[in-house]
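**Q** Could you have a look at this structure, given as structure tokens, before my questions?
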Amino acid sequence: MTYNAGQFDVIVVGAGHAGVEAAYAAAKRGVKTLMLSLNLDMIAFMPCNPSIGGPAKGIVVREVDALGGLMGKVIDKTYIQMRMLNTGKGPAVRALRAQADKPLYIQEMKHILENEQNLTLRQGMVEKLIIEDGECRGVITETKAAYYAKSVVITTGTFMRGRVIIGDLSYESGPNNQRASVKLSEHLEELGFELVRFKTGTPPRVISHTIDYSKTEIQPGDEDPRHFSYETKEAIPNQIPCWLTYTNEFTHKIIDENLGLSAMYSGMIKGTGPRYCPSIEDKVVRFHDKPRHQIFLEPEGRNTEEVYVQGLSTSMPEFVQREMLRSIPGLENSEIMRAGYAIEYDAVVPTQLWPTLEVKKVPGLFTAGQINGTSGYEEAAGQGIMAGINAASKALDKEPLILDRSQAYIGVLIDDLVTKGTNEPYRLLTSRAEYRLLLRHDNADLRLTEIGHQLGLISDERYEAFLQKEQLVEEEKARLANVMLKPTDELQAIIEGAGGTPLREAIKAGDLLKRPEMTYDLIEKVTPSEKDLDWDVKEQVEIQIKYQGYIDKSNQQVDRMRKMENKLIPENIDYDDIGGIATEARQKLKQVRPLSVGQASRISGVNPADVSILLVYIEQGKIKRVSNQ
Amino acid sequence: MDNDTIAAISTPIGEGAIAIVRLSGEEAITIANRLFDGINIEGVTSHTIHYGKIVDPATNEVAEEVMVTVMRGPKTFTREDVVEINCHGGLASVNRLLELALAEGARLAEPGEFTKRAFLNGRIDLSQAEAVMDLIRAKTDRAMNVALKQMDGHLSKLIQTLRQELLETVAHVEVNIDYPEYDDVEEMSHEMMMEKSKRVLKEIERLLQMAKQGKILREGLSTAIIGRPNVGKSSLLNALVHENKAIVTDIPGTTRDVIEEYVNVRGVPLRLVDTAGIRETEDIVEKIGVERSRKVLKESDLILLVLNYGDELLAEDINLFKAVEGLQVIVIVNKTDLDQKIDLDKVHHLAKGNPVITTALIEEKGIDELEQAIADTFFAGELDAGDLTYVSNVRHIQLLKQAKQALTDAMNGVEQGIPIDLVQIDVTRTWELLGEIVGDTVHESLIDQLFSQFCLGK
């Protein structure tokens, strides 16, 4: 028998990086929210690498922040190192990455959530969903508590039927020896969910004082660190470095000789692993000619001696892991604190979801994060906030939010998942974004703050500051477009100093800024703004003027895409009724049920002829309706 | 995609004295006017026809004498502004007009797109919708088949090579971006990018140059007729020409006395080359020897080998078979009006699976079978006399031009010192455009390349 444990608007099952964003976003939207976690000491735990951000992913963190989410704020308060990557490249691919203090991150996140008005935190293992009239209306825990709600978000990560594998040892477990969630997985199967088995892994951790850092290269943070959140004003002093070392022929020999003992190669692992996060066994086997692989030694926090050995993800038996480690310069005497392991888990085939992350089969139920076949904290957070927003929309009976591929990496991520599915754990890459020049690290606020504010996730105060920044950027761009600069000696010297050719005649400041060697800082010397502009305003002005040609080109592409996105497909369309569509396309369309012709055209197996036929059919439908009236 | 102006050849090519290039869309009249040397057709009354010349705006050269029909929407087939340019039915001229229209901003119509627009704009009623969809399906499938089948294997291979080169470059840049700390690969420099782009650009330009000379666009399947003297080669040529209203042209840039004849046999464009001296009724093998003639014949896409039904197989015939071994051959045993002396079993044996047709060309017998065999050879018999074979070539040229533009943009970016990840956007575009030529635009292959080329991961 169950007991009624309470009525909520939104329930979030799981408190990982997707769960916390979902719960916080829903609560911020003003609906009564419950977050259930297996273990309240593990909220927003990082079971793998102690870092957040990086190319594409770092931009997602900024997008989450611009929408009013937590990840950026919390990492800004708890990092031990911050680095801007790709500084030598164009603005579109610059990305921030932080080394996290894992225990502190958990503490900080938990504390924010505990103090959130509309949010209740509760420990409990969910075993079943409450389904009424085909819709999800709540959850039941193993302690027989029945919680009711208008919508439910499942963010159970790699816990569903999780199985940890180390060499020939294999046991049922979530990450880091937490309890696996078995019954929920079975329950979803009973409900008709299509599940897929994925695999991921993590390297061993060693204790710091057994490492000889003198044999490694130091990897320091930035001297003048940038931050993820647009709200962060202060940097954390005393950053802690990471260290770089390499595997060698001895390491590879150990791996070769023990390959049969690796769970990956002994046949113990059935799940599909990600190509972009291979085990060291995989790297050595697939790239046998490579004499060495990079190994980064990353501290797991300020108040811990544990060091994460990035690059050595493995499912070898513990004694082989020890041998491997000890073949690496600097780690000759290292002691393992935790062994690396592989983990297999159930994921939901994401084409079963609408772009809102609501499950097609079960209205009111949303899934987000690693359960949807992704990999990475940031990918989880991005889905989490969207699922939270949309679960709240559902409870409030408001319009859902869908970001398109030109608005955010989050949009690219979700569109890829629900439209194309994935046959390996999905990671965001910059190359997945068609309009990456528009989806920059620096303009996430310009893209999404407005939306965050409308949803109530961004405070009025922050919104005002944003509007002011936006205005200052526009004004300064307009000013530079009109200011004529004469070829004075001062200016010529500046230009030549930057390696450019001197001017022959007067030029508009904006046009001068377009020259590759010129920067805003240089232009400012001859024509400073009357206003005291912040660096982020200047940066924005510089990027928007400098890359205007490329940005315009991207915008034209977006316009073309939008035309197809705006052609909506009626929800009740019967694909069997459309003659002439190829069989494969028909099957895919029935499965994905795209919302627009644009989305339909991105499904693999749907070719341009099918899209044309679909267009004609939809128009035909319109005529039918008109003639029926 | 609905408002742009589309253009296509809307008459079967090579089958009429007059051909029509049709434009439809907002810019149809403006585009046509830019090409038209005559009355300003932007000012004329709707549904009127005007005489003038089409001039290439780039060179000011007169391309064609034409009649231009101007029809403003909505009283047109598509309900949009429509212009029809009527010109001489020659393949070269009509293609040239289409190319000019595309160069001025029209987009090559998709298969069935005029009809589709007619429908979408409410011109066709509901009962015809199904038919429209069938039409799109049929035309597209066939166009794709044709495009793929017709594409010269060499061209396809070359484009794939170029694409692979671009893909590796793009993957290289992507690795630099997504794995900035990955030390196994050097940063793609502007110099490296320039060098690679230059190489690909050179190839694209060469292809375009070839297209310009008619090597792609106006080239049908180059077809040689061979056989001993007096077996009926001329009769065969005349039969094909007569049956199919050949367009006799002298192609610019080729030797004046070499006459090439185009015939459209059931949708298969044939270019009958008179290199072998058919007119002189001389035997190519006899003239230049087996090895050399093999070289010449290898350049043909199709060889029609003619034998005499009323004569025994001679050493020269056997030599001919040797010369064409491994090539695309149709064996024609002509003069069945005579008493049989030839050993047909032996002919079949020598033909090694190639089709053998018996004809009496003098009596116009067997021509149907021959034409069917030609069609079967190239389209598995699925193609009727179509307008699509050439369009796919125009499409190729258009895509090559766009690819050239994109790559040039990339190189300009390199010269201006634009960051490599921005330059790469144009390189990726080039790769995609070349992919459209060979029917492959799957984005996922970039990511596959990334992970097969580099050892990545944390």
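**Q** Note down the nm distance, to one decimal, between modelled labels 7 Å out along Cα→Cβ at B:V185 and at B:R107.
**A** 3.2
**Q** For the protein assembly as shown, what proportion of DSSP beta bridges, expressed in % and rounded to the nearest 5, is antiparallel?
**A** 70
**Q** Rounded, prolate or oblate, given the Cα gyration tensor of the range A:360-431, with a/c below 1.5 counting as rounded?
**A** prolate
**Q** Where does each of A:Y230, B:Y51 land when they are ordered by accessible area, with a 1.4 Å probe and the largest first?
**A** Highest to lowest solvent-accessible surface, that is B:Y51, A:Y230.
**Q** At B:N40 and A:I240, where each label point lies 7 Å from the Cα along Cα→Cβ, what is the point-to-point distance in nanometres?
**A** Computed distance between label sites B:N40 and A:I240 equals 7.8 nm.
**Q** Moving on. Between B:D337 and B:E316, what FRET efficiency comes out of the Förster formula 1/(1 + (r/R0)^6) with R0 = 22 Å and r the beta carbon distance, rounded to 0.05?
**A** So the FRET efficiency works out to roughly 0.50.
**Q** What do you reckon, how do B:M192, A:M71 stack up by accessible area (1.4 Å probe), largest on top?
**A** B:M192, A:M71
**Q** Leaving out ligands, DNA and RNA, what percent of the accessible area of the protein assembly as shown is carbon and sulfur, probe 1.4 Å?
**A** 48
**Q** Further, regarding this structure: B:R96: accessible area at probe 1.4 Å, nearest 10 Å²?
**A** 70
**Q** With a/c under 1.5 counting as rounded, go ahead and sort the protein assembly as shown into rounded, prolate or oblate using the C-alpha gyration tensor (a ≥ b ≥ c being the square roots of the eigenvalues; past the cut-off, prolate if a/b is larger than b/c, else oblate).
**A** Prolate, because a/c is 1.5 or more and a/b exceeds b/c.
**Q** Related question: How many nm separate the modelled label positions at A:R179 and A:K144, each set 7 Å beyond the Cα in the direction of the Cβ?
**A** Using points 7 Å along Cα→Cβ, the separation is 1.6 nm.
**Q** For chain A, what is the convex hull (Cα atoms) projected area averaged across all directions, in square nanometres?
**A** 32.9
**Q** Viscosity 0.692 mPa s, temperature 37 °C: Stokes-Einstein D of the range A:1-155 from its Kirkwood Cα radius, in µm² per second?
**A** Answer, rounded: 198 µm²/s.
**Q** How large is the dipole of the range B:6-124 about the Cα centre if only Lys and Arg carry +1 and Asp and Glu carry -1, each at its Cβ, rounded to the nearest 20 debye?
**A** Magnitude of the dipole: close to 480 debye.
**Q** How many Cβ atoms of partner chains, on average, are near each residue of B:170-177 if near means within 10 Å of its Cβ?
**A** 4
**Q** Another one. Just the number please: accessible area per residue for the protein assembly as shown, 1.4 Å probe, all protein chains included, in Å².
**A** Using a 1.4 Å probe on heavy atoms only, each residue of the protein assembly as shown averages 41 Å².
**Q** If packing is taken as the mean number of other Cβ atoms within 10 Å per residue, what is the order of A:253-265, A:416-428, highest first?
**A** Top to bottom by mean Cβ count within 10 Å: A:416-428, A:253-265.
**Q** Still on this model: Is the range A:500-600 rounded, prolate or oblate when judged by the Cα gyration tensor, a ≥ b ≥ c being the square roots of its eigenvalues, rounded requiring a/c under 1.5 and prolate requiring a/b larger than b/c?
**A** Here the range A:500-600 falls in the prolate category.
**Q** Mean Kyte-Doolittle hydropathy of 0.0 or higher plus an axial Cα length of 15 Å or more: which whole DSSP H helices in chain A meet both?
**A** TM-like helix candidates: A:17-28, A:377-396, A:409-420, A:608-628.
**Q** Can I ask one more? Considering only Cα-Cα distances, which of the following residue pairs are longer than 28 Å: B:K157/B:K196; A:K110/A:K420; A:K508/A:K553; A:K89/A:K553; B:K53/B:K75; A:K183/A:K283?
**A** From the list (B:K157/B:K196; A:K110/A:K420; A:K508/A:K553; A:K89/A:K553; B:K53/B:K75; A:K183/A:K283), the Cα-Cα distance tops 28 Å for A:K110/A:K420; A:K183/A:K283.
**Q** Now for a different question. So how much accessible area does B:H190 have, in Å² to the nearest 10, using a 1.4 Å probe?
**A** Here the accessible area works out near 60 Å².
**Q** Quick one: accessible surface of B:T45, probe radius 1.4 Å, all protein chains present, in square angstrom to the nearest 10.
**A** Near enough 100 Å² of accessible area.
**Q** Do you know the relative contact order of chain A, to the nearest whole percent, from alpha carbon pairs under 8 angstrom that are 6+ apart?
**A** Once divided by the residue count of chain A, the mean separation gives 17 percent.
**Q** Oh, and also: Could you work out, residue by residue across B:417-428, how many beta carbons of other chains sit within 10 Å of that residue's beta carbon, and then give the average as an integer?
**A** Rounded to a whole number, the mean comes out at 6.
**Q** Ranked by accessible surface with a 1.4 Å probe, highest first, in what order do B:H47, A:H293 come?
**A** Ranked from most to least accessible, the order is B:H47, A:H293.
**Q** Other chains' Cβ within 10 Å of A:604-610 residues: what's the mean?
**A** 4
**Q** What FRET efficiency would be calculated for the residue pair A:Y171, A:D224, taking the C-beta separation as r and a Förster radius of 41 Å, to the nearest 0.05?
**A** 0.30
**Q** Report the accessible surface area buried between chains A and B, summing both sides, using a 1.4 Å probe on protein heavy atoms only, in Å² rounded to the nearest 100.
**A** Interface area, both chains combined: 4900 Å², rounded to the nearest 100.
**Q** So how strong a dipole does the protein assembly as shown carry about its Cα centre when Lys and Arg Cβ are +1 and Asp and Glu Cβ are -1, to the nearest 20 debye?
**A** In debye, rounded to 20, the protein assembly as shown gives about 1320.
The values are calculated or read from the model by the stated rules, or taken from the named source; none is laboratory data. What you are looking at is a predicted structure, and each value in this text was computed from that prediction instead of being measured. Glycine gets a Cβ as well: all are built from the backbone with ideal geometry, and neighbour counts include every protein chain shown. Just the protein is used for accessible areas: all its heavy atoms, side chains included, with ligands, DNA and RNA removed. Shrake-Rupley method; radii C 1.70, N 1.55, O 1.52, S 1.80 Å.
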